[in-house]
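Only one structure is covered here, and it is reproduced in the block below.
The values are calculated or read from the model by the stated rules, or taken from the named source; none is laboratory data. Everything numeric in this text was worked out from a predicted model, so none of it was measured. Note that each Cβ is placed from the backbone with ideal geometry, even for glycine, and that neighbours are counted across all protein chains shown. In case anyone asks, the SASA skips ligands and DNA or RNA and just uses the protein heavy atoms, side chains included. Shrake-Rupley method; radii C 1.70, N 1.55, O 1.52, S 1.80 Å.
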Amino acid sequence: MPAPLTIHSRDNLLRWPRVPVPNEAPVLILMNQFQRTQNLSAEDLHVRQFAQLTALLSHCLKTVPYYQAHLATDMPGIGTGTKLTAELWARIPVLSRADVLAHGAELESTAPPKSHGAIHTVRTPGITGDPVTLKAANVSSLHDHANMVRNGVWHGYDPEYSVANIVRMNSAQLEQADADVFNSWMTGWVSGPVKYFDVAVPPQSQLEWLVENQSQLLVTHPSNLRQLAYFSKRDGAPLPHLRAIQTTGEPLTNNTRLIAQDVFGLPIQDVYGTQEAGILALQCPKQEHDHYHIMTESAYVEILNDDDEACKPGEIGRIVVTPLHNFITPLLRYTLDDFAEVGEPCTCGRGLPTLKRILGRSQNQMVMPGGNRVWMSISTQGLRGLAPVIQHQIIQKSITEFHVQLVVERPLTDKEETALRGHLLTRLNLTGGTENMSLKLDYVDAIAQDAGGKLEEFICHMAAQD
């Protein structure tokens, strides 16, 4: 059983009841509300969301130049007392990344609410294009902190866990690591230290660091977790102190879940969020489930098909999000370059809607003849059954041309390479025959991570006209 949660207080003379640190008290208040609202029905949650959307839309029409211009033109009469319904909301044009890049200043409120706290700048890594920059207030950060506390409570994390966060570190995290100063990781509560390590460091060194620090909760990207599992098993370097694994930043496949369970004997808890919109979905705490609950109190999330219609359970569409509490740079119906499959209502008792799985970005889809796209999954684990492959990345250059980067333990035999090539050609076959396909194998020492420290196993680099 995890230790009881103890409120973080600066005054050790107030042992019971404890008085929370003032700047962390709002997180506890939000979390307390989340514990109640998550059990509301889907209908009740919908009513509350639309009350908040109504307030956000009214603010946009009064103080945000972009919406004053565009909604007044596209939707005359909106915001003049007409009740906001799902049907009316769906008529608001979807906001693209290109729109934000082109109209960033116009999307900022001319009268940001002072009660929402200090304003800070949010900047995306710019992995798939120019980085998006926008502003948000402290209230948005409070929601992120409260949702991460919710994640810890849902999955029974012991607050005294020492946390190893292996990511591409920002400047603040680098300073913290260099200074050997470790903060609490569970806002509002007394918790163990969180330490940072650079994901760009080779996995063998990461394992040594994890053993040295006796880390109990590991937070990293799924691609890095696969590497850690591989070298841990190969080199006989177990992590006996590890008690929980949390992933973030990339799509988490069932194959990666199975690998972690096999090597570390632990399930994975995945967190889905973005820089622009914050924490959007957490994995259901019911042990037999691996689907996600949407953080309905913090964001209005829509999964839309190619016709901009809401997807039904079992259907895949792009994720469109409206952060409910960013009144500084409001993003109404902002389309993320991410796709997800809608889930069924959960049997855990929570009314929070579900996502069965999160699939990744459009560039992770393979383009078929005629322009249709499909999700391609070729796991390193599957390739390893044919040849000693440590890591791979497939890049689609055209309908029939693929480049495959491979990190291998040793040079492959002719037999192994023939088997590997045949398997890849069969899996990537789009035209009904492999004789016209081009498959180039490149053996490399390491596959480059993107700007966020992530590694994608399939990327489409075809030109738009292809």
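Structure notes:
- Listing of strands (runs of 3 or more DSSP E) fully contained in segment 381-466 that carry 3 or more residues being open to solvent by less than 30 Å² (accessible area, probe 1.4 Å) and either modelled with pLDDT under 95 or not small (Gly, Ala, Ser) (or both): 389-396, 401-408, 458-460
- When 205, 223, 184 are checked against the criterion of being in contact with a Phe, Trp or Tyr (Cβ under 9 Å, 6 or more places away or on another chain) and either in contact (Cβ under 8 Å) with a residue 24 or more places away in the chain or within 20 Å of residue 454 (Cβ to Cβ) (or both), a single residue qualifies: 205.
- Flag for residue 300 being farther than 28 Å from residue 220 by Cβ, open to solvent by 20 Å² or more (accessible area, probe 1.4 Å) and not in a loop (DSSP other than H, G, I, E, B): yes
- Condition check for residue 274 on (1) under 17 Å from the mean Cα position of the chain (by Cα); (2) buried (at least 23 other Cβ atoms within 10 Å of the Cβ): one failure, at (2).
- Of the strands (runs of 3 or more DSSP E) lying entirely inside segment 339-380, the ones with 1 or more residues being open to solvent by less than 60 Å² (accessible area, probe 1.4 Å) and free of Cβ contacts under 8 Å to residues at least 60 places away in the same chain are found at 373-375.
- Residue that is surrounded by the fewest Cβ atoms within 10 Å (Cβ to Cβ), among those in segment 83-105 that are of a type in the set (Val, Ile, Thr) and within 30 Å of residue 125 (Cα to Cα): 94
- Number of the condition not met by residue 24 [criteria: (1) open to solvent by 70 Å² or more (accessible area, probe 1.4 Å); (2) of a type in the set (D, E, K, R); (3) touching a Gly at 6+ places or on another chain (Cβ under 9 Å)]: (1)
- Residues that are in contact with a strand residue (DSSP E or B) (Cβ under 8 Å, 6 or more places away or on another chain) and of a type outside the set (Val, Ile, Thr) number at least 3 in the following strands (runs of 3 or more DSSP E) confined to segment 68-167: 133-137.
- Subset tally (residues that are open to solvent by 70 Å² or more (accessible area, probe 1.4 Å) and either among the small types (Gly, Ala, Ser) or touching a Cys at 6+ places or on another chain (Cβ under 7 Å) (or both)) for segment 106-129: 2
- Matching residues, segment 47-67, being surrounded by 16 or more Cβ atoms within 10 Å (Cβ to Cβ) and more than 16 Å from residue 333 (Cβ to Cβ): 63
- Close pairs (6 angstrom Cβ cut-off, 6 or more residues apart or separate chains): under 17 Å from residue 55 (Cα atoms) and modelled with pLDDT of 95 or more in segment 88-112, surrounded by 13 or more Cβ atoms within 10 Å (Cβ to Cβ) and hydroxyl-bearing (Ser, Thr, Tyr) anywhere: 107/66; 107/329; 108/329; 109/63; 110/63; 111/63
- When residue 333 is tested against (1) open to solvent by 20 Å² or more (accessible area, probe 1.4 Å); (2) charged (D, E, K, R); (3) touching a strand residue (DSSP E or B) at 6+ places or on another chain (Cβ under 6 Å); (4) under 30 Å from residue 61 (Cβ atoms), just one condition goes unmet, and that condition is (1).
- Exclusive hit being open to solvent by 30 Å² or more (accessible area, probe 1.4 Å), of a type in the set (A, V, I, L, M) and over 23 Å from residue 169 (Cβ atoms), set 282, 266, 258: 258
- Options 219, 163, 201, 190: the member that is of a type outside the set (Asp, Glu), modelled with pLDDT of 90 or more and surrounded by fewer than 16 Cβ atoms within 10 Å (Cβ to Cβ): 201
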